[in-house]
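To keep things clear, I will list the structure first and then write my remarks on it.
The values are calculated or read from the model by the stated rules, or taken from the named source; none is laboratory data. Bear in mind the structure is a predicted one, so any value in this text is a computation, not a measurement. Don't worry about glycine lacking a Cβ; one is built from the backbone with ideal geometry, like all the others, and counts go over all protein chains shown. Keep in mind that these areas ignore ligands, DNA and RNA; they rest on the heavy atoms of the full protein, side chains included. Shrake-Rupley method; radii C 1.70, N 1.55, O 1.52, S 1.80 Å.
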Amino acid sequence: MSTSRLLTLGVIALSMSSLQAAESGKRAITPVDVVNIREVSDPQISPNLNPVAFVITEPVDTNKPDEGRNSNIWIVSADGSSSPRKYAFGPKQEFMPRWSPDGKYLTFLSNRGMDDKNQVYLMSTFGGEAEALTNMKEGVNLFKWDRDSHSISFISQDSLTTEEENRIKAKDDERVLDENIRHVRLYRVDLATRVVTLLTPANESVNDFDYSPDGSKIACEIAATPKLDDVYYRSKLMVMNRDGSGRKVISEESCGKIRWSPDGNQILHFIYPGKSEMYIPELVSPSGTQATTLGEDYPGFVWEMEWIPNRKEILVSSQEGVQGIIGKLDVKSRNIERVRTVDRPLSWWGYPTWSINSTGEWIAFVDASTSSPLDIWIMKVDGSDVKRLTNLNPQVSSLTFGAQEKVQWQSEDGEQIEGVLVKPVGYEPGKKYPLVVQIHGGPAWAWWSGWLCGAFDWAQMLASNGFAVLLPNPRGGASRGLKFAEKNYLDWGGGDFKDIMAGVDYVIQQGIADSTKLAIGGVSCGGYMTAWSVTQTNRFKAAVMYAGLSDLTSFYGTTDIPTYMRLYFEDYPYGRENFYDQHSPMAFIKNARTPTLILHGEADLRVPTTQAYQFYRGLRDMGVETRFVTYPREPHGVFENAHQIDVLERVLDWYKTHLVPKP
C-alpha cells in the first residue's frame, strides 16, 4: 500500500470523532474549553450543617487578561433547597473559607486591601460587611480558629526591616544565600481586642499547627528555615502550651496535616517512612513517648485526613489503584473502610476536598465524573443520602469525551501494572488509532479514573480530537502502597520504563493502537520519563517534555529541593556521578531520534530551566527535530491563562503534526 494511501487512512480515522461529534450536536474539546473550566475547591460545611461554603475560581476575563483568574467564596444550601450564590467576592481574591466553631462567623483570606497582601477577614453570619482581622506586612499564609471561637491563630513571614527596604529601593539588593532568614511565625489575634500576640519567637519556621481539644496546647510542624527543602524533608513535630511556653519536640520528622484527636490523646500527621516521596499517616502521643504508623501495608495512598468528631475514626481521601475513595480509617484495626468511590483528581495544590460538620454526621465534598468537572456534594458519614448540590460547568455537556477504562498488564519481570485507557471519541472496535502515552509526575503520584481534562491532564482533550491515550501507573507511583512506591529506588528509568513500554505493547495487542503512530509526553517527573524514553527507544514518533529533568547531577545542584534526589538515590551525587548518569537522559542523548517539543517556565525553581536547555542543546546537536518554548514568570508548571492555552495548543498540534500528517 502506498505511503499516501496510509496517510489518507490515518487522517480519515482521526477525523471520525469530529464527524460523529457533529452528528450528535457536540464538538471536540479545545484548549480554550479546558482553561475556561470553573475550578471548585475547599468545601466547608458549617458546624450546624447549613450552609456549605466553597471557593470558585473563575476563568480569566478576556477583557482583563492582566488580572488573572478570580477566586470568590460561594455558599449553597446543604439540603439543596436553594441555588449557590456568591458570599464573599470582589475584584481581588477571596479563598480559604473557615467557619468559627460556634457558627457565628465565616472567615477567609483575601488580598482586597490596599497592600495586596492576603489578610484574614471576618464576616458575621447574621450579615454585614467583612472586616480585616489582621494587617501583617507580609500577609497571612494559613489560619485556624481556636477551639473557643474567641481568637484566631495564623502564620506569617517576617517582614523586611526599614533598612532592607531602603536598600532594595536603592538597588543595593545583593543576596547572600542561606543568610538573613525571614522565618514564618505563629501568631494569635484576639477577636474582642484585636491584639496580636507572637507565639513562636525562636529562630524556626512554622508550617502547620493545630490546637488540642481543650485549647490548652498547640502542636506545630517546625523547620529550621522556610526553604522548601527544609519544610518538606526536615520538619519536626513540636508541642507547646497555648502561650508558646513549654516547648517539646515529640517527633523528629513530620510532613504536614497535623490533626489533634478529639479525646486529646493522639496527634495525627504525615511522615516519609521509606525510600520514596510517598508519605503515610502516623499517630504520636502528645508526650512523644508513643508513635504508631497507620499506612505501611495499605495498598493505596492516603493524601488527606481528618478526625471524625466524637469518634476514634479518621476520614481519609485516598487512592487504591486508579480508584479514588473517601474512607474511614479505624485507629485500632488500622483498616480503611470505603465510604464512597470518587472520580475527582488527586488534589495537586493541597486545598481540602471535604469537611465534616461538628457532630460528625455529614460530609461536604467535591466530586466529578469522567465527563463533568468538580462540583459540591454532601452525604452522611456512612456514605448514605448522597446529594449533588451544584452544577457549575454546564457548558461541558456540549463537548465530547472518550470512554475510560481501567487496564492491567504484565511487565517484563512479571510485575502487574495498571493504568487508565481513554479511547478516542467515536471509537470503533477493529480500527487502530494513534496513541499518546502521558506519564504522571512525582514519581510518587498516580493517574486516576475520573475527570481527566485539565491544564496538566491532556487525556480527554486528546481523546476528543481522535487519539487513544494511555495513562500508566508504573512502579514508583503511590497508588498501590508504600512497597510499590519504593520499587524504583535506585532505579529511575529501569523497571518503570519497562512497565510503560509493556503497557504500550498491551494497547497495541488489543488492536486499539497503531504501532506506527505512538507518542509520549509528561510534566515534571513525567517530563523526565519522556526525555528518558526518547533516549532509550525510537518507537515514539513525537514527544512532549514539559518541566522535565534531563541531567540528574546538575538537577541536584540547582533545584530548590535537593533532598528529593537523595530519597531515591541514597546519597549525594559527589563521587557517584557515574551512577547518576546511568539514570540521566543526557548521558544517552546520542540515541535520540524522536521529534521533541520542550516546554518550561522561566521562573521554575523546582526543575530549573537549565534542565530543558541542556536537553534542547543535545537534541539540536544530534540533528533531532525539536522546538523549545519558555514561559516568562511561570514557576514549575504554567498557570497564566494565555500560557496555558499556548501549551495545550502546542501539545495538540505537535501530536497531530507528527502522528497524523496531512496527505
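General observations
- For the chain, the membrane-span-like helix rule (DSSP H, alpha carbon extent of at least 18 Å along the helix axis, mean Kyte-Doolittle at least -1.0) picks out 3-24, 495-509, 641-659; this says nothing about an actual membrane.
- By the compact-protein rule of thumb, 2.2 N^0.38 Å, the alpha-carbon radius of gyration of the range 428-577 corresponds to a ratio of 1.08.
- Using the rule -39500 (n - 2.57) for each DSSP H run of four or more residues, divided by the residues of the chain, the 222 nm mean residue ellipticity is -5500 deg cm²/dmol.
- Taking all protein chains as they are arranged and a probe of 1.4 Å, the heavy atoms of residue 617 leave approximately 150 Å² accessible to solvent.
- Listed residues 285, 256, 74: farthest to the positive end of the dipole of the chain (Cβ charges): 74
- Note on the range 172-229 and the range 347-416: Cα centroid distance 34 Å, given to the nearest whole angstrom.
- Where only alpha carbons of the range 521-597 are counted, the Rg and the Dmax (Å): 12.6, 37
- Structure-derived Cα extents along the principal axes in Å: which label, when the choices are [x] 177, 62, 44; [y] 83, 63, 57; [z] 104, 84, 55: [y]
- Extreme residue, positive dipole direction of the chain, given options 422, 235, 533 (C-beta unit charges): 422
- For the range 319-402, the spread of Cα positions along each principal axis, largest first, Å: 48, 29, 25
- Nearest-10 value in Å² for the accessible area of residue 596, using the 1.4 Å probe: 0
- Volume per residue for the range 25-118 equals 132 cubic angstrom (convex hull of Cα atoms).
- Reciprocal mean inverse distance between Cα atoms of the range 575-630 - Kirkwood radius, Å: 12.1
- Those lysines that a straight Cα-Cα span of less than 16 Å connects to residue 117, excepting residues fewer than 8 apart in one chain: 92, 137
- Residue ranking by accessible heavy-atom surface, 1.4 Å probe, largest first, among 334, 340 comes out as 334, 340.
- Between the range 549-565 and the range 268-286, the alpha-carbon center distance in angstrom: 24
- Rolling a 1.4 Å probe over the protein chains gives residue 199 an accessible area of about 10 Å².
- Remark on the range 82-137: Rg and Dmax equal 11.5, 40 Å (Cα only).
- Extension gain for the segment residue 385 to residue 579, taken as residue separation times 0.36 nm less the Cα-Cα distance, is 64.3 nm to one decimal.
- Once the convex hull of all Cα atoms in the range 226-272 is built, its volume per residue stands at 87 Å³.
- A 1.4 Å probe over all protein chains sorts 85, 194 by accessible area into 85, 194, starting with the largest.
- Nearby lysines by direct alpha-carbon distance to residue 217 (threshold 26 angstrom, same-chain neighbours under 8 apart not counted): 104, 144, 236, 248, 257, 312, 332
- Mean Cα-pair separation over length for the range 505-663, i.e. relative contact order, pairs under 8 Å, 6 or more apart, %: 24
- Cα centroid of the range 26-91 to Cα centroid of the range 502-533, whole Å: 35
- Accessible heavy-atom area order of 634, 486, highest first, probe of 1.4 Å: 486, 634
- Normalised alpha carbon radius of gyration of the range 104-217 [divisor 2.2 N^0.38 Å]: 1.22
- Contact order normalised by residue count of the chain, Cα under 8 Å, 6+ apart, percent: 11
- The count of lysine pairs in the range 426-563 whose Cα atoms are under 28 Å apart, excluding pairs fewer than 8 places apart on the same chain, comes to 11.
- Assigned charges on the beta-carbon of Lys, Arg, Asp, Glu; the range 101-144 dipole about Cα centre (debye): 100
- In terms of Cα atoms, the Rg and Dmax of the range 153-271 work out to 16.2, 55 Å.
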